[in-house]
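Please read the structure below before turning to the comments.
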Amino acid sequence: MSETTVEAPVPAADERDSRWTRLGRRTVRPPIYAEHQYLVVIGFVVLVALVAPHIATSRSKQFLIDLWLVYAIAGIGFYWVFALAGRFAFCQTFMMTLGGFMSAWVTRSGHGKPFLLGVASAIAITSLLAFVVGIIARRSQELYFAIATLAVTSIGADVFNHWDAFSGRNGTVTNVASPKLFGHAFLKDKQVFWLFLGALTIVLLLAVLIERSPFRRDAIASRDNLLVARLTGVAAGRHQLVLFILGSALGGLSGSMYAHWAGNVSTGTFGIDLAIGIFLMLFLGGVGSMWGPVLGAAFYVAIPQVLSNIQKYSSIVYGALLLVVVMALPRGLVGLAQDGSRVVKDQVRKARRKDIVDVAG
Amino acid sequence: MLQAEQISVSFGGVRAVSEVSLTLDTGELLGLVGPNGSGKTTFLNAICGVVEAQGQLTVDGARVPLGRPRAAWRAGIARVFQAPQTFEALTCLENVLLSSADAKMRGVGGAWIARPVMWTRERRRWARAMEALDVVGLAPLATSPAAMLSYGQRRLLELARALAGDPKVLLLDEPSAGLNDPETAALADLLRRVREGLSLLLIDHKVDFLDMLCDRIVVLELGVVIAEGTPQDVWRDKRVMSAYLGVPDDAAH
């Protein structure tokens, strides 16, 4: 039993009339609801829509921008699974592969179903698989869950390599139909950009809806202390399962869109490099924010390209850069951006105060 | 209100709690005491579903399955831990909101589909959570991160969280641990205020604190009930004295 004396301001009887009571017991809401997340999404999308076409001065640059958008979608899914639900899943790239194959299979010439149905089927199959895996491994935590999901990835890759009717010869499907929406085909990378930006916008809005809901705080509680969360009435297991399903579905969506864009998909398209890469995106961008994987994906896609000028040392510089970012910025690039905006706000506030003092004499 | 019958808990070959039965009436404050290792906390863990246990538990006549924490919460059992278990990544208000008795519209359906219903319920939950924070004196800190609180404040936050769930039975595991005398007295005052309509099961080692609050005390030793009664009767019981002070050595006679 601990008997150390600590400062515990248990209120005395005469102090019970708290400031909140004196203020007329006004409604107090959690600070997350006071943030302008919808505006941030709109601002972000407008900025990307305005700036990206100017950056995309070549085919390779346009390719990278499209790749960033498609990775960002998978990254947000992984944010839900790993950062919100606290599930150490190692199957996000497998979900992307499954989504790609499913969508290619549904829309292939023999079936001839539209692109949207292909995307929907990719989302459905990855959700279903995540549900089954989540139920089977519901009691597995942390590394054990990672091992379970890694096993699913390994089994799945083997199945794809041998199931020619679904995933093609040697796990490769080619001639996947280009994306087509309401009669409009997205054939070029520049056109695909708008499709992907639209999809990312919807995903970001869905993410904001989760951020601004009790679902987020229940998920965080379940992640941080499963037992205490359950004791306080949180449906911890259900929340973790749902977030795993939703995150995997975004993996399926991302894989499906990539397959239609690239025109092919194989078991190597979303390989082990990307499996680790998705972790990197989240940690580089910042685990504590839904914007982390979006910024992290940009960093992940752009930096190798930027460093390609110093070909000989690019791997060393890239590795060192990753190390510096992870060590120096534990809250990731989003944390850096938040600190920067706080400094700017403080400066503005100080300047305003100075103006008032000057005017007041 | 709460009836525990023949509750037993074993860890491997060790029986930590052995066929303990006790009844807690509505509005009663029952103390559960015993030397270290007597099975008090394990009994609490069994009641709130933290550990697997054998026996039968009912709250308000309804049977509560053992070994399932959320089922215990649904039955109206809330728990305050010896070391405060708050969620540091959340604000004080969010910590309290977790235990809201209104469990509906808290999943993805509320977030994505039925948002107007979710908002209506959420506003109600905020108000109830603020009331609970106000009772323990933490309302001014509602929007502060729980990580900023002192040890004593975290203890109060945990109590507010338990109260916000409108429980029928509140289990308190050494709530006065780490508090000095004035703070312990203030905590006793707070518990007296909140106990109306609530049954409390209190584990503690401070005799004055127990005497101030408890209607009845049950004493455990080695996982078995050795005495039960009013505080005065229990402290006079020879088995209780020997459990705490030891049995006089035969050689001394």
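Please treat every number below as a calculation from the coordinates, not as lab data. Treat the numbers as computed from the prediction; the structure is a model and nothing was measured. Cβ placement follows ideal geometry from the backbone for every residue including glycine, while neighbour counts extend to all protein chains displayed.
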Within the protein assembly as shown, what percent of beta bridges assigned by DSSP are antiparallel, to the nearest 5? 60
Computed [θ] at 222 nm, deg cm²/dmol, chain B (DSSP H ≥ 4; -39,500 (n - 2.57); rounded to nearest 500): -10500 deg cm²/dmol
Assuming a strict under-25 Å limit between Cα atoms, what lysine pair count do you get for chain A once near-sequence pairs (fewer than 8 apart, same chain) are dropped? 10
In terms of the Cα gyration tensor, with a ≥ b ≥ c the square roots of its eigenvalues, is region A:119-207 rounded because a/c is under 1.5, prolate because a/b exceeds b/c, or oblate? oblate
Of the listed peptides A:113-124, B:94-105, A:80-91, what is their order by residue-averaged count of other C-beta atoms within 10 Å, with the highest listed first? A:80-91, B:94-105, A:113-124
Partner chain Cβ atoms within 10 Å, averaged over the residues of A:219-231 - can you pull that number for me? 6
Anisotropy class of region A:176-326 from Cα gyration tensor, a/c 1.5 cut: oblate
What do you get for the angle between helix A:115-136 and the principal long axis of chain A? Use alpha-carbon atoms, 0 to 90 degrees, nearest ten. 60
Relative contact order (percent, whole number), chain B, Cα cutoff 8 Å, 6+ residue spacing: 26
I'd like the distance separating the alpha-carbon centroids of region A:181-218 and region B:122-168, in whole Å. 37
What does the charge count around A:ASP66 come to, taking other residues whose C-beta lies under 12 Å from its C-beta (Lys +1, Arg +1, Asp -1, Glu -1)? +3
Cα centroids of region A:59-108 and region B:1-68: how far apart, whole angstrom? 48
So for chain B, if I pair up every lysine 8 or more residues apart or on another chain, how many of those pairs have alpha-carbons under 22 Å apart? 5
Output the antiparallel fraction of DSSP beta bridges having both residues in chain B, as a percent to the nearest 5. 55
Peptide-level mean, for B:128-141, of C-beta atoms on other protein chains within 10 Å: 5
How big is the gap, in Å, between the Cα center of region B:85-116 and the Cα center of region A:25-47? 17
Within 10 Å of the Cβ of an average residue in B:94-106, the count of other chain Cβ atoms is 5
Shape call for the protein assembly as shown, from the Cα gyration tensor axes a ≥ b ≥ c (a/c under 1.5 means rounded, otherwise prolate when a/b beats b/c, else oblate), comes out prolate
